[in-house]
Amino acid sequence: MVLGPLARAASSTHIDLSTVLPDGNFHTHNAQMYSEEVAKATGGEVQIQVHSGGSLGFKGPDHLQAVADGLVGMADIHISQQAGNEPVLAAETISFLVNDIDELKTLHRHLRPLLDEAAAKHNQKILYIVPWPAQYIFSKIKADSLEGLKNSKVRVSDRNVQDMCTAIGISPVLIPWVETIPALASGTISGVTTSTASAVDGHLWEFVKYIYPTNHTWMSQMININLDTWNKLSPAQQKTMADVAQRLQPVFWERAAQADVDGLAKLKSMGMEILPISPTMRQEMRDRTSGQLEAFMKRVPSSATAINAYQTEVKR
């Protein structure tokens, strides 16, 4: 018997996907595109509804546990924010470990088995991973040296960036993104470490003037699905969702690179000023954070093999 459209719709699986990011963010566009492509590829059997802007009530750091507990079927998760639960998830944020997005692809190839293992321990599966654009320091303070930024309070998102800021003399304030704009508005902080995409989302030109292209770290988002939800899908549906994720991930990485270009242009058009990092200042940043890599591998020994293999491949 051939099922009609109404019967097929009645038997479809509905999965909610939570993200704290707004509708205009490229990661949210990615999630929406993935949802549409999965619906199309499964003939409507799997319907993913993207809930943006934290509308389901979860903050960014909550998402790993929320998916683990089945409070939401899927989530767009800031990887390094979950390092308190799984320290290996902060590996890509080690200061100056990665110079560009191509090197990041290489690092991810070596790290991915560890990330998959970490996700599985928390009752979930990674479908795809997409990076944020290069990271910057956005500040109210104009300076041409680290001394000029000394003791300024800057928002950071994870421990590695926190350690970097401490090493270079900046006072880090570890808070989730949802608390960042109120902290800027109240004067609790005078700067932010983030990408140009997030800077546009937060209208940072309303609070800070200067952009420092430090490129000090890289960060990514992962789209995860609860394993109980995943296991209720048919093998064919699972394969389709995995295939769509594999097909779209390279497209999403290209969007990340373009988001940096577009974001920087928008920030400049709103009056923000880029302050180039002098070779002396950049080298000082590298020198002061040079022990971070060894310290991380000592603290998270499971990461050492993957990181060493990456360094060998990029001839570091």
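With respect to (1) outside any helix (DSSP H, G or I); (2) at pLDDT 95 or above; (3) surrounded by fewer than 18 Cβ atoms within 10 Å (Cβ to Cβ), the lone exception for L97 is condition (3). Test T229 against the stated conditions and say whether it is surrounded by fewer than 18 Cβ atoms within 10 Å (Cβ to Cβ), assigned to a helix (DSSP H, G or I) and among the hydroxyl-bearing types (S, T, Y). No; evaluated as a whole, the condition is false for this residue. If we scan the stretch 50-71, do we find a residue that is out of contact with any Asp or Glu (no Cβ under 8 Å at 6 or more places or on another chain) and under 19 Å from P133 (Cα atoms)? Among the residues of the stretch 50-71, at least one is out of contact with any Asp or Glu (no Cβ under 8 Å at 6 or more places or on another chain) and under 19 Å from P133 (Cα atoms), which makes the answer yes.
A count restricted to the stretch 23-67 and to residues that are aliphatic (A, V, I, L, M) and under 24 Å from A83 (Cα atoms) stands at 5. Going residue by residue through the stretch 85-94, is there one that turns out to be surrounded by fewer than 20 Cβ atoms within 10 Å (Cβ to Cβ), free of Cβ contacts under 8 Å to residues at least 60 places away in the same chain and not charged (D, E, K, R)? Yes, the conditions are met somewhere in the stretch 85-94. Only one of the numbered conditions (1) touching a Gly at 6+ places or on another chain (Cβ under 9 Å); (2) of a type in the set (V, I, T); (3) surrounded by 22 or more Cβ atoms within 10 Å (Cβ to Cβ) is violated by I189, and that is (1). Among strands (runs of 3 or more DSSP E) entirely within the stretch 154-212, having at least 3 residues that are more than 16 Å from the chain's Cα centre (by Cα) singles out 171-174, 210-212. Within the stretch 69-81, not a single residue is farther than 30 Å from Q47 by Cα and either outside any loop (DSSP other than H, G, I, E, B) or within 16 Å of the chain's Cα centre (by Cα) (or both). When E36, E103 are screened for being within 29 Å of A309 (Cβ to Cβ) and among the charged types (D, E, K, R), only E103 passes. Would you check if there is a residue in the stretch 273-294 being free of Cβ contacts under 8 Å to residues at least 12 places away in the same chain and of a type in the set (K, R)? Taking every residue of the stretch 273-294 in turn, none turns out to be free of Cβ contacts under 8 Å to residues at least 12 places away in the same chain and of a type in the set (K, R).
Search the stretch 26-70 for residues being under 17 Å from K239 (Cα atoms) and of a type in the set (V, I, T), and hand back the single one that is surrounded by the fewest Cβ atoms within 10 Å (Cβ to Cβ). Within the stretch 26-70, the match that is surrounded by the fewest Cβ atoms within 10 Å (Cβ to Cβ) is T42. Before we move on, is A304 part of a helix (DSSP H, G or I) and either over 13 Å from L107 (Cβ atoms) or in contact with a Gly (Cβ under 6 Å, 6 or more places away or on another chain) (or both)? It is true that A304 is part of a helix (DSSP H, G or I) and either over 13 Å from L107 (Cβ atoms) or in contact with a Gly (Cβ under 6 Å, 6 or more places away or on another chain) (or both).
Determine if the stretch 142-162 includes at least one residue that is in the same structural domain as T280 (by TED's automatic domain parsing), crowded, with 24+ Cβ neighbours inside 10 Å and small (G, A, S). Yes, the stretch 142-162 contains a residue that is in the same structural domain as T280 (by TED's automatic domain parsing), crowded, with 24+ Cβ neighbours inside 10 Å and small (G, A, S).
Taking the stated definitions as given, is G73 surrounded by 17 or more Cβ atoms within 10 Å (Cβ to Cβ), in contact with a helix residue (DSSP H, G or I) (Cβ under 8 Å, 6 or more places away or on another chain), modelled with pLDDT under 95 and not assigned by TED's automatic domain parsing to the domain that holds A295? No, not satisfied.
The values are calculated or read from the model by the stated rules, or taken from the named source; none is laboratory data. Quantities reported herein were computed from a predicted structural model and do not represent experimental measurements. When we count neighbours, we look across all protein chains shown, and the Cβ atoms used for this are built from the backbone with ideal geometry, even at glycine.
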